[in-house]
């Protein structure tokens, strides 16, 4: 093979390798950018949902009975309350019609439970909203579960890029096409540790889902399945802590 032909072949192989190497990394960077923009959107929905949870817990005075109720649904009230610690606003509710104060309290709590339940479902599984560019269409809004699935898929790609197309592998292959370069590096005292450092510096860091700041909010059963327990909690709280209940109701109705 002539020197010119060998040089052309070497240049073509190196160009293709570079396009493949940098192209795949660029695609992964774009995918990571899309992923983190999605996380911001879903986190915003989660924070809006927490306002509803916060209002619900406040209306039931963060009583141990309501904590026990939600624990039976698979929730961890202490975790939800931790996320709510920086939430101060209350979700406004309309004053319901009822003959007694206790009746209005029960209806407000029941309606708010339905609001929380729907908000949790939308947050966890996604929902649809009007498309701002075309009011005749709806656009999908992903949820917590979709983010978790995407996180796993992105981490698979990160491992594939780090392990299967590492800078060390590419450089080793490229150097193998130029024996004279390898010989010169051996004379100069280049070590494998120098090249491995490039691997570490250029490696993509896997995503830790638990560090994304997305609160875990469980799906809730239909109101019909918990109505009696909620009514009993409301009756007990209204009897023992009526001033606190009425103050909070006034705040929620006036919000």
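Table for the structure above
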quantity: Filter result (over 26 Å from the mean Cα position of the chain (by Cα) and in a loop (DSSP other than H, G, I, E, B)) within the range 63-74; calculated: 63
quantity: Qualifying residue in the range 42-59 (condition: part of a loop (DSSP other than H, G, I, E, B), farther than 30 Å from residue 157 by Cβ and in contact with a helix residue (DSSP H, G or I) (Cβ under 7 Å, 6 or more places away or on another chain)); calculated: no
quantity: Filter pass, residue 174 being over 18 Å from residue 209 (Cα atoms) and either modelled with pLDDT of 85 or more or over 14 Å from the mean Cα position of the chain (by Cα) (or both); calculated: yes
quantity: Residue within the range 218-226 that is over 30 Å from residue 149 (Cβ atoms) and surrounded by 12 or more Cβ atoms within 10 Å (Cβ to Cβ) present; calculated: no
quantity: Search result, residues across the range 152-164 that are more than 9 Å from residue 206 (Cβ to Cβ) and in contact with a helix residue (DSSP H, G or I) (Cβ under 7 Å, 6 or more places away or on another chain); calculated: 157, 161
quantity: Matching entry among 32, 102 (being farther than 28 Å from residue 224 by Cβ, in contact (Cβ under 8 Å) with a residue 40 or more places away in the chain and assigned to a helix (DSSP H, G or I)); calculated: 32
quantity: Residues located in the range 75-96, provided they are surrounded by 12 or more Cβ atoms within 10 Å (Cβ to Cβ) and part of a helix (DSSP H, G or I); calculated: 77, 79, 80, 81, 83, 84
quantity: Residue ID - farthest from residue 212 (Cα to Cα), chosen from residues in the range 111-169 that are within 12 Å of the chain's Cα centre (by Cα) and not in a helix (DSSP H, G or I); calculated: 126
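Let's see how each residue does on (1) modelled with pLDDT of 85 or more; (2) closer than 18 Å to residue 221 by Cβ:
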residue	(1), (2)
57	yes, yes
67	yes, yes
86	no, no
91	no, no
98	yes, no
103	yes, no
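The values are calculated or read from the model by the stated rules, or taken from the named source; none is laboratory data. Quick caveat: nothing in here was measured; it's all calculated off a predicted structure. Cβ sites come from the backbone with ideal geometry, for glycine too, and all protein chains shown count toward neighbours.
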